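The values are calculated or read from the model by the stated rules, or taken from the named source; none is laboratory data. Worth saying up front: this structure is predicted, and the values here are computed from it rather than measured. Note that each Cβ is placed from the backbone with ideal geometry, even for glycine, and that neighbours are counted across all protein chains shown. We work out accessible area using only protein heavy atoms, side chains counted, and drop any ligands, DNA or RNA first. Shrake-Rupley method; radii C 1.70, N 1.55, O 1.52, S 1.80 Å.
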Amino acid sequence: MKFNHLIEINMPDNPLVLTITRQQLWRGLVLRAEQPTLFVMGLDACEITARSTDALSRTLRFGQLLVHDHVKFAPLEQVHYQVPQQDAIPASDLTMTIEEPETGSLFVRFEYDDHTQETDEESFYNDFRREAYKEADIDTIRMIRQLAQQGELDAPLQ
């Protein structure tokens with residue numbers, strides 16, 4: 001199943017929505033990779049097992065289930081999560097890309113790929129998965145907005 005959707009970050013027509021800079025948005029997306037327990041419901045713990053300037057490897061613990069993944073960063077542009085096939089967990093990818101069609105007009109495109117062809121039988125269940133992904137992504141952006149409002153995303157980029 002391949003699936004993607006777009007979330008608008010800044011809404012110039014709505015003064016009630018905090019305007020976020022590209023740098024704040026980027027810091028929020030990086031924070032989601034480094035401290036996912038703030039963003040992912042049901043995640044008990046995350047251990048970063050390796051780190052380089054543009055990537056990290058992690059072990060995520062959901063109860064007794066351990067998931068190993070890799071996260072690659074293209075600074076101020078994209079975060080790519082790759083889950084290799086492991087035990088009963090199939091390979092999958094999630095890419096979060098910052099899009100800025102006009103200066104200050106920010107969006108995040110979320111792209112999911114589980115590397116399988118969707119059958120008619122799976123289509124019904126995948127509709128639920130797509131909705132769950134969208135809700136989780138909306139929650140991610142909501143948390144980034146909250147952190148930006150609190151000044152937590154204002155530190156200089158490293």
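Data for the structure
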{"read-out": "Whole-angstrom gap from segment 108-158 to segment 13-43, using each part's C-alpha centre", "value": "11"}
{"read-out": "GNM flexibility winner over the chain from Ala74, Ala50, Ala88 (Cα, springs under 10 Å)", "value": "Ala88"}
{"read-out": "Which of Met1, Met143 is most accessible, then next, and so on - probe 1.4 Å", "value": "Met143, Met1"}
{"read-out": "Accessible-area composition of the chain, carbon plus sulfur, in percent [1.4 Å probe]", "value": "52"}
{"read-out": "The chain: relative contact order in percent, alpha carbon pairs under 8 Å with at least 6 residues between", "value": "26"}
{"read-out": "Rounded accessible area per residue of the chain, 1.4 Å, Å²", "value": "61"}
{"read-out": "Pairwise label distance in nanometres, Ala50 with Asp139, each label 7 Å out on the Cα-Cβ vector", "value": "3.0"}
{"read-out": "Karplus 3J(HN,Hα) series, Hz, for segment 66-74 with 6.51 cos²θ - 1.76 cosθ + 1.60 (x for Gly, Pro)", "value": "10, 10, 9, 9, 10, 10, 10, 10, 10"}
{"read-out": "Ranking by accessible area, most exposed first, for Phe73, Phe124 with a 1.4 Å probe", "value": "Phe124, Phe73"}
{"read-out": "Area accessible to solvent at Asp154, 1.4 Å probe radius, in Å²", "value": "90"}
{"read-out": "Additional length obtainable on full extension of the chain from Ser105 to Val67, 0.36 nm per residue less Cα span", "value": "10.2 nm"}
{"read-out": "Order of exposure, largest accessible area first, which applies to Leu56, Leu65, Leu16, Leu76 with probe 1.4 Å", "value": "Leu16, Leu65, Leu76, Leu56"}
{"read-out": "Surface accessible to a 1.4 Å probe, Arg22 within the full protein complex, Å²", "value": "40"}
{"read-out": "Length gained when the stretch Phe128-Thr59 is fully extended (0.36 nm per residue, less Cα-Cα span)", "value": "22.2 nm"}
{"read-out": "The chain: most fluctuating residue of Arg51, Arg27, Arg109 per GNM, C-alpha cutoff 10 Å", "value": "Arg51"}
{"read-out": "Under-5 Å amide H pairs with Ser92, H placed in peptide plane, nonlocal only", "value": "Val83"}
{"read-out": "Cβ charges +1 (Lys, Arg) and -1 (Asp, Glu), total dipole of segment 1-64, debye", "value": "160"}
